[in-house]
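Student: My questions will all concern the structure given below.
Rule-based calculations on the coordinates, nothing more; no lab input. Everything numeric in this text was worked out from a predicted model, so none of it was measured. Positions of Cβ are generated from backbone atoms using ideal geometry, with glycine treated the same way; all protein chains shown enter the neighbour counts.
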Amino acid sequence: MSISKIYGNDENLQFLRIMRKNQHIPHACLFYGEKGSGRKTLAAYFAMTVLCTGEHAPCGVCGNCRKILHNTHPDFIPVEHSGKKQGFSVDTVREICRDAIVAPNDSDKKIYIFTDCDNIGIPAQNTLLKLTEEPPEHVVLLFTAVSKTAFLETMLSRMIQIAVRPCTPEDCRQALTEQHACTPADADRAIKATSGRNIGLALRFLEDSAMQEMTRQASELTQAVAQRNQYEILRILACYEKDRMQTAEFLRLLLAQFRDACMLKYGSASLTGCDRPSAEQLSQLLTAGRAFRLYEAVQNAYEALQASVSTKLVLSALGGKLLL
């Protein structure tokens, strides 16, 4: 990450700078938003804002900023994932609570970052409650997650919550070409396939052939739903029966496609899906009632996956509902 190359989320960046300027540093902060939206980048930016010793924080050039950029700062501490679901075990959290008492090494603050907290368990959160509510003066806790619903209300009430917003296609194009050395043609191809509102997703599309295949199948399934092609719907869904995480990503792509179909039906140009032509085809055939039922069916399937319902059962039920 380069301090001068953070794209999008200008309001959030300004909010973080104002907190530092007014010396209102929260003791706990949650950055939430979809995967690839820049949650970890913003969390690191905030850490630099807090620890920066330059005149205009974050300056990106002082010793503290440079160490955070290179992941070598002793007072910016990533908490390792642990436990069966790669959340954070109670033992890991207890170790952090013990370590938090110790004074910082090089700075006035000691920052712990818990990334990808979507599988953080209730026992771990309960163990964190006291530290989150009454941390030592020198401690700041940062969390990132796709959704804030991963946290107990008692945890949420003890932290500042910052929603990481989608970027614009132009922000995405600049990030890909300037920071990741993509050609303009590749950048345009990724933006077309991913809507250009998520830099991480666009970059992954260019680097991951499986992601390219997934966007193609989301487009094909949208088309199959428009045509009420039962065979194609069931064939495509069957490809995802063995991989829960991949299924969740595919359903998120499908949700965006169905949202686009609804938006197009009512004249909106604000699209987020991976394929406009198939979304347009579906929108021409939708009634308001069917549009709602389709979106709700995929949303319910996604939520069932998060609740650990059998992937095969979830997809079988979804296949039937997409034909209603």
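Student: Taking amide H positions as placed in the peptide plane 1.01 Å from N, state which residues far from Q161 in sequence (5 or more) or on other chains have amide H under 5 Å from it.
Tutor: The answer is L30.
Student: With springs connecting C-alpha atoms under 10 Å apart, model the chain as a Gaussian network and identify which of R276, R293, R98 has the largest mean-square fluctuation.
Tutor: R98
Student: Can you pull the semi-axes for the stretch 73-154, root of five times each eigenvalue of the Cα gyration tensor, sorted largest first, whole Å?
Tutor: Output for the stretch 73-154: semi-axes of 21, 13, 12 Å.
Student: Roughly how big is the chain's charge dipole about its Cα centre, with Cβ charges of +1 (Lys, Arg) and -1 (Asp, Glu), in debye to the nearest 20?
Tutor: 520 debye
Student: Using only Cα atoms, find the angle between the long axis of helix 311-321 and the longest principal axis of the chain, and express it within 0 to 90 degrees, rounded to the nearest 10.
Tutor: 50 degrees
Student: With viscosity set to 1.306 mPa s and temperature to 10 °C, compute the Stokes-Einstein D of the stretch 150-277, Rh being the Kirkwood radius across alpha carbon pairs; µm²/s, no decimals.
Tutor: Using the Kirkwood radius from Cα pairs, D works out to 98 µm²/s.
Student: Of K35/K109; K84/K110; K84/K312; K192/K312, which ones are farther than 25 Å apart at the Cα?
Tutor: K35/K109; K84/K110; K192/K312
Student: For a footprinting-style exposure proxy, rank Y231, Y7 by other Cβ within 10 Å, fewest first. Walk me through the numbers before you get to the answer.
Tutor: Numbers: Y231 8, Y7 19.
With the sparsest Cβ surroundings first, the list reads Y231, Y7.
Student: With each run of n ≥ 4 DSSP H residues scored as -39500 (n - 2.57), what mean residue ellipticity at 222 nm is computed for the chain after dividing by its residue count and rounding to the nearest 500 deg cm²/dmol?
Tutor: After summing the helix terms and dividing by the residues of the chain, the value is -16500 deg cm²/dmol.
Student: Over the Cα atoms of the stretch 214-321, what Rg and Dmax result, in angstrom?
Tutor: 12.8, 38
Student: Fewest first, what order do M159, M214, M48 take by the number of other Cβ atoms within 10 Å?
Tutor: If I rank by nearby Cβ atoms, fewest first, I get M159, M214, M48.
Student: For helix 244-265, what angle does its Cα long axis make with the longest principal axis of the chain, in degrees from 0 to 90 and rounded to 10?
Tutor: Value to nearest ten degrees: 70.
Student: How far, in degrees from 0 to 90, does helix 288-306 lean away from the longest principal axis of the Cα atoms of the chain, to the nearest 10?
Tutor: That helix lies at roughly 50 degrees to the long axis.
Student: GNM on the chain, C-alpha springs below 10 Å: top fluctuator among D106, D171, D118?
Tutor: D106
Student: Given a cut-off of 31 Å, what percent of all Cα-Cα pairs of the chain lie beyond it?
Tutor: Counting pairs separated by more than 31 Å, the tail of P(r) holds 39 percent.
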